[in-house]
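The values are calculated or read from the model by the stated rules, or taken from the named source; none is laboratory data. Just so we're clear, the structure is a prediction, and the values are computed from it rather than from any experiment. Counting neighbours? That spans all protein chains shown, and the Cβs are built from the backbone with ideal geometry, glycine included. Side chains are part of the model used for accessible areas, which takes the heavy atoms of the whole protein and leaves out ligands, DNA and RNA. Shrake-Rupley method; radii C 1.70, N 1.55, O 1.52, S 1.80 Å.
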Amino acid sequence: LGLQGWAAAHGVVYSEIPHSMELARKLVKFRVAVREEADRYCDELGIDRCIKVTAIAPNGTISKLRGTQPGLHSIIARWFWQRVRYTFGDPRISEAMDKGLFVEPCIYAANTAVVRYPVQDSILGSHPAHLIQQVDELTLDQQLAVLAFVTEFFTCGNDGNAVSFTANLDPSVYTDPNVLMPVISKWISRTKGLTVFPSMSRPQSPYEPISQAENVAAATGVSLFGSSNDGECASGACPV
């Protein structure tokens, strides 16, 4: 987890990860170290050695606990609205209104209010904004190139399991399978599997990217930092 932040710590933006030989060498060192330790431990226990020892697992909950990006994914946005639903009567609704935050009735559930919080992704607390690309600034080709890169150097051959990764695609660009298939065909042989999903929005969506200026203007008296990769918000009901 946290590949984007790790790359930024080396001065590498997300789209340039596949071109960094320094990151490639380190991924190989990590894979070799894991294999050697796994073999040593199995020998110590007197059991058969592990067949696979590396993986990129789906870890949305774990990554949120430490405030980093899940797996290989880039952030959704550097600054964004996060909408949180509260049942009428919850004191946090009046608290939000007192702070000047936008509050409106939920269009999906009765007796429910939606509070719109301005949030800066927590990755910007550790890395400058110019090193952090958000997903709508990345092409499908660039995202799958990162997947192929990590597969090649960290989860390759007999050492690695498959990689959990979902690439976002712009539905206005990939309007039919004939446009999408050439990109998938380019990368499928270099991965152990891949998933793509259209980037779509809907009214009162949990996340909505905004500009830095919009965030600053809306966040007067409110300092919020969080992660824009929150799998728990997929249903539209974001816990606090």
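Under 18 Å of direct C-alpha separation, and excluding same-chain neighbours fewer than eight residues apart, Lys52 reaches these lysines: Lys29, Lys192. If you take all other residues with their beta carbon under 15 Å from the beta carbon of Phe197, and give Lys and Arg +1 and Asp and Glu -1, the sum is -1. Residues of the chain were split at every exposed loop site, defined as chymotrypsin sites (Phe, Trp or Tyr not before Pro) in a DSSP loop with at most 15 other C-beta atoms within 10 angstrom, and the longest piece left, sites excluded, is 109-240. The separation of region 117-196 from region 54-80, counted between C-alpha centres, amounts to 13 Å.
Helix 177-188 versus the longest principal axis of the chain: what angle, 0 to 90°, nearest 10, using Cα atoms? Relative to the chain, helix 177-188 is tipped by roughly 40 degrees.
Once C-alpha pairs closer than 8 Å and six or more residues apart are averaged by separation and normalised to the residue number of the chain, the relative contact order reads 29 percent.
Other residues with beta-carbon under 13 Å from the beta-carbon of Glu152 carry, at +1 per Lys or Arg and -1 per Asp or Glu, a net charge of +3. The alpha-carbon of Lys99 sits under 25 angstrom from the alpha-carbon of none of the lysines, leaving out residues fewer than 8 places away in its chain. Just so you know, the Rg over Rh for region 140-224 is 1.13, from Cα atoms, with Rh as the Kirkwood radius. Only one residue of Ser227, Phe154, Ala8 has its Cα farthest out toward the positive end of the dipole of the chain, where Lys and Arg carry +1 and Asp and Glu -1 on Cβ, and that residue is Phe154. Inter-label distance, Glu37 to Ala9: 1.5 nm, where each label sits 7 Å from its Cα along the C-beta direction. With both labels modelled 7 Å from their Cα along Cα-to-Cβ, the Thr112 to Cys156 distance reads 4.7 nm. Computed from Cα atoms alone, the Kirkwood hydrodynamic radius reported for the chain is 19.8 Å. Ligands, DNA and RNA left out, the accessible area of region 1-121 computed with a 1.4 Å probe is 57% carbon and sulfur.
Subtracting the Cα-Cα distance of Arg202 and Lys186 from their residue separation scaled by 0.36 nm leaves 2.6 nm.
Angle of helix 21-45 to the longest C-alpha principal axis of the chain, folded into 0 to 90 degrees and rounded to 10: 70°. Note: relative contact order over region 1-112, using C-alpha pairs below 8 Å and six or more positions apart, is 26 percent. With both labels modelled 7 Å from their Cα along Cα-to-Cβ, the Glu95 to Arg66 distance reads 2.8 nm.
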